[in-house]
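In what follows, a single structure is set out as structure tokens and then discussed.
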Amino acid sequence: MSDRTGTVADNLQTRIWRWASSNAIWIVLALLFSVAALLSDAFLRPVYIFNIVRQAAPVGVAAIGVTLVMILGGVDLSVGAIISLTAVLTAVLMDGQVANIPLAVTFALAVGAFIGGINGVLIAYNRISPFILTLGMAVVITGITQIYSGGTARGIVSPGFREFFNFRIGGVVPVLALFFLGLALVGVRLQQTTKFCRNLYLIGSNPQAAELSGLHVKRITIIAYALSGLMGAMAGIALLARSGVSSTFAGRGLEFDVLAAVILGGTTFQGGRGGIGGTIAAVFVLLIAFNLVNIVGLDYNAQLIVKGAIIIIASSAYIYFKKVR
Amino acid sequence: MLLEIKGLTKRFPGVLALEGVDFTAEAGEVHALVGANGAGKSTLMNLLSGVFRPTEGEILIDNRPVQLSSPGVAVSCGVSTVYQEFSSIPQLTVAQNIFLGREPCGKSGILSHKKMRSDARAILDKYNLDLDETSLVETLSVANLQLVEIARALSVDSRILILDEPTAVLSLPEQENLFRIIESLKQQGMLILYVSHRMEEIFSISDRVTVLRDGRKIDTVQTADISPQDIIRMMIGHDIDQSKGLKANSAGDTILEVSFKDRRRGFKVLEGEILGVAGLVGAGRTRLARKLIGLEADEDMDVILHGDKIDPKSPGHAIQHGIVYLTENRKYDGLFANLSVLKNTTASALERFSSYGFLQQKNERQAGTEILDRLHLVASSVDAPISDLSGGNQQKAIFGRALLCNPRVLICDEPTRGVDVGAKEEIYQLLLGLAEQGVAIIFISSEMKELFAAAHRLLVLHEGEIVEDLPTDQLTEEKVLQAATGTAA
């Protein structure tokens, strides 16, 4: 980097703004956590904190996958339905037998990835709007889930399945929470270091330029949606592990929680920006806010209002930060 | 005098687009405006239609000075423009498009569809436009689409109609129909300013011709008193310095050969050769490039690289063969606007910097920085967003991207567009340097001067076909322009 005649050093203020605007969600998370800790000392107890992490696992895992497709400039509204389907599927295949666990889990993951792959193929080759396509796919999968389960909660979770995932290591950290945190960390790391993730950013930033630059736009699109489906399946399994009870509508509406977290975390519909780190922080922001409202003693409907308000305020703040820069 | 222009000057930052242009035009006249790419035709047109405001000078209509401060004002002064790009709304009917934004309403503010239809019919009849006012615009042919635009322009009682390259999209019978309409408008006392660079039609339709060159008016002449060759001479000027062949042709073996199964002419490029591609806007230069990199299909085209027939299916595939395309439209398909300079530079070469799918970021950074230093890119850091950079530096980053692919054939489409003079010079030097290393360069440009300065050989395209293929030193700007306008003897 010698001989840069036009070198202009960024001044301190711009640097702080840049840092603050790219880490805004972490600042919000820290503030919210402080408020929560002031209001209730439960938030200072490790067991409670890890409870929140465990609680966050299904939405968080699915949100990692959706973050990938949104960096690419797409969206995946079928994750909620994939969660429902794979949760029921896993329960039915387990059929109460420990020996069936590996098969049930593997098959559920394969089904999730397969559905995501179909999403990806249709989007890559037919240029259908991802919004419409994955919405339609969600409806189809919901129908399949209902037919498959006969509309009732079928399947029996095998003994030990729930206990394993909810076992607290050292009496504090549930295995499920550990899985989730591990996945998040690996995701953040891979996002910075893999060619695949760089390609996601390039395509999301400018698909035409990506094509001209020789990127395999179609192939990467398909893989990204397949990964989103796979993560959706993991979320379904996580949900089943957390609750221990099969239900045909387990994932209903979760796609909106997922979407809210991804957008709040800074991965916008524009594509080419954001990342898994922001998404994870946003998942916790939403969950802590939810818990907080609970602690204060508001009912479920009031919680919805607060949740919606947080999304609106945070998104506005995000736009404001970007403008100021 | 219906229209008079006095000392009209338009200055853009760093560019004098129009300088002291005077001219007059009468009612009942078809007045052609001609000039090579960048001569100032579009600027003049935009000044008259209120898109730009003049830096100096004035425009008089009916001998009264007017301030055409917006397209709306221009229309109310009687100046209507039909642009090359149509602006009709496909989902609406012909009548709805004609009255777009000026829909006739009843007292209650509810649209009067009946009045709209009958008014539209009246306009179409008055000017002999053969259209059904109730058709949906999306069902119309391009030629009829143009008629809708013309009808809309006429519906506001305009007295001056500007047509920008109106025949670019038309077939021959459609052209003749358009000329009939123009003739009838002329009979009705309208002034038609006809912007074009196609000689045949200028001679078949215009009464007078005004020639622009480098933002200045060269002359206005009666069309009947002049030949196409005279106009071409005026378009390029007599005083061109033929600074051709900055360097000896160091070309080696044929690297790329393109031939067509049908009657179209093919071409070759040699190692170390800079092959210039000239042609007017719309002559098919970019399309040829897009076919070479597999973005557009042409079943009759054969591409032979180093003696082997290849069939590039996608830009990625072409890059693997060493054929790299540098876009003419940086914003649309060149820049990753929100990403860093470095990520923009290495986008095409990530394969080289990865092992088992992981990026070796140290290597990436080193190679990217090295190439950008070689290109003298100026930026606060390679991690700065590319959108912070000037046009010239953005272009260098995209050049860097192409160079990291180790091209054997580099197709540069208007590589100096929107960059300042200094950066232009650097880009020429860069192309020469690459050619010396044996890279074959296909250099598409609208600037005749740079083609003559940098290219060893020139292809001239006219209406999608190669009409001339000669070493630069056997060509003159005049010959090129004749070929490009289809007036070659």
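Laboratory data are not the source of any read-out in this text; all were calculated from the coordinates shown. The shown structure was predicted, so the numbers you read here are calculated from the model rather than taken from an experiment. Every residue, glycine as well, gets a Cβ built from its backbone with ideal geometry; the counts of neighbours run over all protein chains shown.
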Dipole of the protein assembly as shown, Cα-centred, from +1 at each Lys and Arg C-beta and -1 at each Asp and Glu C-beta, to the nearest 20 debye? 3440 debye
Rounded to the nearest Å, the spacing of the alpha-carbon centers of the range B:158-195 and the range A:56-79 is 55 Å
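In percent, how large is the relative contact order of chain B, given Cα pairs closer than 8 Å and 6 or more residues apart? Present the calculation step by step, with values, prior to reporting the outcome.
Numbers: 944 pairs, mean separation 76.6, N = 489.
Computed over chain B, the figure is 16 percent.
Net charge around B:M116, counting only other residues with Cβ within less than 9 Å of its Cβ (Lys, Arg = +1; Asp, Glu = -1)?
Details: positive: B:K114, B:K115, B:R117; negative: B:E103, B:D119, B:E133.
Charge balance in the 9 Å sphere: 0.
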Hey, which lysines would be in cross-link range of B:K396, C-alpha to C-alpha under 19 Å, not counting anything within fewer than 8 residues on its own chain? B:K331, B:K343, B:K424
With +1 on each Lys and Arg Cβ and -1 on each Asp and Glu Cβ, and nothing else charged, work out how big the dipole of the range A:143-255 is about its Cα centre, in Debye to the nearest 20. 120 debye
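When the dipole is taken about the Cα centre of chain A, and only Lys, Arg (+1) and Asp, Glu (-1) are charged at their Cβ, what size is it in debye, to the nearest 20?
On the way: 21 positive and 10 negative charges, 119 e Å.
So the magnitude is around 580 debye.
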Can you list the residues, at least 5 places off or on another chain, whose amide H is less than 5 Å from the amide H of B:L18, using H built in the peptide plane? B:K10
Which residue, A:A281, A:M231, A:I220, has the largest displacement toward the positive end of the dipole of the range A:215-324 when charges sit on each Cβ (Lys, Arg +1; Asp, Glu -1)? A:I220
B:E425 versus B:V156: modelled label distance in nm, points set 7 Å from Cα along the beta carbon direction: 4.5 nm
With label points set 7 Å from each Cα along the Cα-to-Cβ direction at B:H113 and B:E463, the distance between them in nm comes to 4.3 nm
Expressed as a whole number, the average count of other chain Cβ atoms within 10 Å around the Cβ atoms of B:348-357 is 4
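Work out, step by step, the length gained on full extension between B:D473 and B:V169: first 0.36 nm times the residue separation, then minus their alpha carbon distance; give nm to one decimal.
Working: separation 304, 0.36 × 304 = 109.44 nm, distance 3.39 nm.
Length gained, B:D473 through B:V169: 106.0 nm.
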Förster-model FRET efficiency, 41 Å R0, A:I169 and B:A337, C-beta, rounded to 0.05: 0.35
I want to check the label-to-label distance for B:S227 and B:K313. Put each point 7 Å from Cα in the C-beta direction and report it in nm to one decimal. 5.4 nm
Compute the long axis of helix B:142-154 from its Cα atoms, compare it with the longest principal axis of the Cα atoms of chain B, and write down the angle in degrees, 0 to 90, nearest 10. 50 degrees
Test of understanding: in a Gaussian network model of chain A with alpha carbons linked when under 10 Å, which of A:R15, A:R127, A:R252 would top the mean-square fluctuation ranking? A:R15
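When the chain is fully extended, how far beyond the present Cα-Cα distance does B:F358 get from B:A143, taking 0.36 nm per residue of separation?
Result for the pair: 72.1 nm of gain on full extension.
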Can you order the peptides B:149-157, A:180-188 by their average number of other Cβ atoms within 10 Å per residue, highest first? B:149-157, A:180-188
Enumerate the whole-percent occupancy of each 20 Å bin, from 0 to the last occupied one, for all C-alpha pair distances of the range A:24-324. 34, 58, 8
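Using just the helices of chain A, give the 222 nm mean residue ellipticity in deg cm²/dmol: DSSP H runs with n ≥ 4 each add -39,500 (n - 2.57), and the total is spread over all residues, rounded to 500. Write out the running numbers ahead of the final one.
On the way: 14 runs with 241 residues, N = 325.
Mean residue ellipticity at 222 nm (helix-derived): -25000 deg cm²/dmol.
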Rounded, prolate or oblate: which fits the range B:390-459 when a ≥ b ≥ c are the square roots of the eigenvalues of the alpha-carbon gyration tensor, with rounded for a/c under 1.5 and prolate only if a/b beats b/c? oblate
Please report the Cα spread of the protein assembly as shown along all three principal axes, rounded to whole Å, starting with the longest. 100, 77, 56
So how long is each side of chain B along the principal axes, counting just the alpha-carbon atoms, biggest first, in Å? 73, 56, 48
Select from A:F131, B:P312, B:F99 the residue farthest towards the positive end of the dipole of the protein assembly as shown; place +1 on Cβ of Lys and Arg, -1 on Cβ of Asp and Glu, and compute about the Cα centre. A:F131
For chain A, modelled as a Gaussian network with Cα springs under 10 Å, which listed residue fluctuates most, A:L178, A:L304, A:L190? A:L304
Report the Cα centroid-to-centroid distance between the range B:249-281 and the range B:80-140 in angstrom, as an integer. 48 Å
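Can you tally the net charge around A:A56? Count Lys and Arg as +1, Asp and Glu as -1, for every other residue whose Cβ sits under 11 Å from the Cβ of A:A56. Display every interim value, and only then the final one.
Numbers: positive: A:R54, A:R242; negative: A:D257.
Net charge in that neighbourhood comes out at +1.
Peptides A:280-293, B:300-313: what's the order by average Cβ count within 10 Å, highest mean first?
Numbers: A:280-293: 22.8, B:300-313: 14.4.
The densest-packed peptide leads the list: A:280-293, B:300-313.
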Any chance you could list P(r) for the range B:279-381, counting all Cα-Cα pairs in 5 angstrom bins from zero, rounded to whole %? 2, 10, 16, 18, 18, 15, 12, 6, 2, 0
Rounded to whole Å, give me the distance from the Cα center of the range A:103-121 to that of the range A:122-142. 15 Å
In chain A, which helices (entire DSSP H runs) extend 20 Å or more along their own long axis, judged by Cα positions, while averaging at least 0.0 on the Kyte-Doolittle scale? A:24-39, A:46-71, A:79-94, A:101-126, A:130-149, A:175-193, A:217-243, A:276-296, A:300-324
